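Colleague: The structure follows.
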Amino acid sequence: MIKSRSMAVIASFLMLNGCGSYSEDSSAVTVQSENSSVIMQSDSSVSYITSDRREVTNSEQQEEKKADGMQIVAGDKHFSVTLESNDTVTELMEMLPLTLDMSELNGNEKYYYLDTSLPSLPENVDHINEGDIMLYGDSCLVVFYDSFDTSYTYTKIGHIDDTSELADTLGTGSVTVTFEMDGRNDT
């Protein structure tokens, strides 16, 4: 009798502890949740059965992010971009591909005012790194090809992974840059 009550208490606790259901027969109580099942048998032994559902690991999330990444293309050069995780990036990715005639500013950046406003959450970044891609205001897309300190506020979009040829590729004056999906999954 005590074993039966103990099993009922444990089963009730396990049921309340997760989304699940249980089934009873004369020899065992089964409690099932999203990720596993627990079978308590009348002899007070407990067996765990793990379901075939699996949780997505952090590395798999990173891999998925890479697979849905972005690259910029200027001339014959392709630059992979590591993206931030924010609403600005989400909406920008929905607009791709974009081919823009970007203008020169201050010998350190190329910019383009989009026809559409993007969600923005500007912050004082204090320092710009070569390869940073940012949103100024809610519609000015900026690619920085030189590092410097700044007092301006930007919404971070991403960063170009390998900037070794970026300044030479973007050159001086206006340049045509294509922002597109990058289906890479090997970097």
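Readers should treat all values here as calculations from the given coordinates under stated rules, not as data from a laboratory. Source: prediction; values computed, not measured. Please note: Cβ atoms are built from the backbone with ideal geometry, for glycine as well, and neighbour counts cover all protein chains shown.
Colleague: Would you tally the net charge around E123, using a Cβ to Cβ cut-off of less than 13 Å, leaving E123 out, and scoring K and R as +1, D and E as -1?
Modeller: Local charge sum for E123: -2.
Colleague: I would also like to ask the following. Can you give the local net charge around F144? Use residues other than it whose beta-carbon is closer than 10 angstrom to its beta-carbon, Lys and Arg +1, Asp and Glu -1.
Modeller: Summing Lys and Arg as +1 and Asp and Glu as -1 gives -3.
Colleague: Could you list, bin by bin from short to long, the percent of Cα-Cα pairs of region 80-138 in 5 Å steps?
Modeller: That works out to 4, 14, 25, 30, 21, 6, 0, in percent per bin.
Colleague: Moving to a separate point now. Can you check what the net charge comes to around E104, using other residues whose Cβ is under 15 Å from the Cβ of E104 (Lys, Arg +1; Asp, Glu -1)?
Modeller: With Lys, Arg at +1 and Asp, Glu at -1, the neighbours total -3.
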